[in-house]
1. Would you calculate the separation in nanometres between label points at residue 87 and residue 141, each defined as 7 Å from the Cα along the Cα-to-beta-carbon direction?
2. Quick check: pseudo-label points 7 Å beyond the Cα along Cα→Cβ at residue 17 and residue 78, how many nm apart are they?
3. Testing the spin-label approximation: label points 7 Å from Cα along Cα→Cβ at residue 133 and residue 1. State their distance in nm.
4. Could you give each residue of the stretch 34-47 its phi-based ³J(HN,Hα) in whole Hz, using Karplus coefficients 6.51, -1.76, 1.60 with θ = phi - 60°, and x for Gly or Pro?
5. Work out from phi, with θ = phi - 60° and the Karplus expression 6.51 cos²θ - 1.76 cosθ + 1.60, the ³J(HN,Hα) of each residue of the stretch 107-119, listed in order in whole Hz, and give x for Gly and Pro.
6. How much length, in nm to one decimal, is gained on full extension between residue 111 and residue 54, taken as 0.36 nm per residue of separation minus their Cα-Cα distance?
Amino acid sequence: MWEEILKAIPVAASSSVKFIFGPLGGYGLGLHLVTTIVATVVGMMASVTAFTFFGDWLRDKIVHRFFSKRKKFSQGNRKFITIWKKYGLAGVAFLTPLLLTPIGGTILAVAFGSPKDKVLVYMFISGTVWATVFSVAIYTFGNNVLPEFVQQWQ
């Protein structure tokens, strides 16, 4: 049991930065499917929680100090505004594991003034659904699709 928990820690840490690394890492380390899903969701929600509650502080203390001369209406900012207007919080939460990182999706949701409790709920639902979908797909088709990846970790 302790071995499984210790193996799940890097899975959670990697999925807090890039979501797909959780299911891939869990599969590569030989974790149980449920452990991989739980560790992936825990990792995503750790970064979502941190950036939801400390994102304003990070922006005020760190980002403004180093990036104060940044253009406000850049091409990237316009893409984020288009995504927000088109899909709203539910759409951003849905797209976060697929296209955005947990950090990027959370910053986008918080920047547009979404209530923090709703950000957490929507991201949790999205993370749980996508962790299950990705993990089941990787565990089902992994030996056929990812043989080099599996050999590297074993």
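Readers should treat all values here as calculations from the given coordinates under stated rules, not as data from a laboratory. Everything quoted here is computed from the prediction, not taken from an experiment. Quick reminder, even Gly has a Cβ in these numbers, built from the backbone with ideal geometry, and neighbours come from all protein chains shown.
1. 2.1
2. Label at residue 17, label at residue 78, 3.2 nm between them.
3. The two pseudo-label positions are separated by 3.4 nm.
4. Per residue, the Karplus-derived 3J(HN,Hα) values read 5, 4, 5, 4, 5, 5, 5, 5, 4, x, 4, 5, 5, 6 Hz.
5. 4, 4, 5, 6, 4, 8, x, 5, x, 4, 5, 5, 4
6. Full-extension gain reported as 19.3 nm.
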